[in-house]
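Colleague: Take a look at the following structure, please.
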């Protein structure tokens, strides 16, 4: 009976042991934004739910938004499970916001050939900030990163220099200066070195058992990937312009349906993206005003003044679209994308739509309306009605004034009930 009893106990404990040997892992490769913050939060919840040994975050980022970074740092500080940030693979960089996230981890690790640093707050449009505001932002960021470093017992002096002086260090320097814990070649090497390490959580200490742990990779869902993609300010700007094009196509060609659908979807996605970004609504208003001016140029003779105003408004609005307030990372719309979009929009309005409106205003050339303005000759005396030969056909006609002799040239000036209204054409 005893062997059977022991066997049952082992069967009961195996799942618990298996759970204790699990590591939940996720990759962050790109800018830090609200979608990234939510993804990391989900990772912490999953690791806690599955009683994983730790949450492993493979990090490669140029930086991101301050608000999202603060949310992530808060989640890491309050995490009920150990969080390991691994700056990887070789050639990766944890810059700006990435420095804050790396320092906030319970265990910070770097792969060979990686670097960490350059966390000075900069203006979103790379313009010089007001000195007083710049000092406030820098001091706030310096205090923030110092508190993180002290909480995790890391080199707070270097952390502050990363903010104030934008310093950057390699993986070897980071270990030497006690900025990160150690260097790992890959995830397998990382788990081996983590094994037996004591981690301090808010709930107490925990010893990691990761040597034979199974890594369970967590992927973003399809919608998360889409939302993460459109959180890029360049994508947001392109979606905005695409939405404007689509809606205008629908307005100028009612019933087309498809351009209108695409335009509305693009506008909605653009506004979602802008909601996640620090948008300057004055810039957005200038973009819309620029489009209005270009439309007016097509309808009103201004000798190019409205067109110049529209182009200038569109360009300035595009440059201002991302609000010029400080953040951890340099986030802005690419100048090449702005210039290309403004040039394309200008061409679109002045040439494509202009040709369309010109075609709409042109005299009809087919059907009964196409006969107006045509010339022919009378086949009999018109006094006031009779037959005429116009456009290769014989028509019943009436004169609009006086009478017209047989064989005289006539011009069609109107048509009603298949009867042409003609006038005498003087040769």
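Colleague: Where does each of 395, 217 land when they are ranked from fewest to most other beta-carbon atoms within 10 angstrom?
Modeller: Ascending number of Cβ neighbours within 10 Å: 217, 395.
Colleague: With a Förster radius of 41 Å, plug the Cβ-Cβ distance of residue 136 and residue 251 into 1/(1 + (r/R0)^6) and report the FRET value to the nearest 0.05.
Modeller: Here the calculated transfer efficiency is 0.35.
Colleague: With only alpha-carbon atoms in the gyration tensor, what are the semi-axes of the equivalent ellipsoid for the stretch 160-271, in Å, largest first?
Modeller: 50, 21, 12
Colleague: Using 7 Å Cα-to-Cβ label points, what is the residue 406/residue 235 separation (nm, one decimal)?
Modeller: Here the modelled spin labels are 8.0 nm apart.
Colleague: Among 223, 218, which comes first, second and so on when ranked by fewest other beta-carbon atoms within 10 Å?
Modeller: Neighbour counts put them in this order, fewest first: 223, 218.
Colleague: For residue 300 and residue 282 in the same chain, what is the full-extension length gain: residue separation times 0.36 nm, less their Cα-Cα distance, in nm?
Modeller: Working it through step by step, the gained length comes to 3.9 nm.
Colleague: Could the peptides 156-164, 96-104, 405-413 be put in order, highest first, of the mean number of other beta-carbon atoms found within 10 Å of their residues?
Modeller: 96-104, 156-164, 405-413
Colleague: Here's something else I'd like to know. Please list log₁₀ I(q)/I(0) at q = 0.18 Å⁻¹ for the stretch 368-424, using the Debye equation with identical point scatterers on the alpha-carbon positions.
Modeller: -0.44
Colleague: With a 10 Å Cβ neighbour count serving as the proxy for reagent exposure, in which order, fewest first, do 106, 391, 424 appear?
Modeller: 391, 424, 106
We did not get these values from a lab; they are worked out from the coordinates using the rules stated. Keep in mind the model is a prediction, meaning the values are calculated, not measured. When we count neighbours, we look across all protein chains shown, and the Cβ atoms used for this are built from the backbone with ideal geometry, even at glycine.
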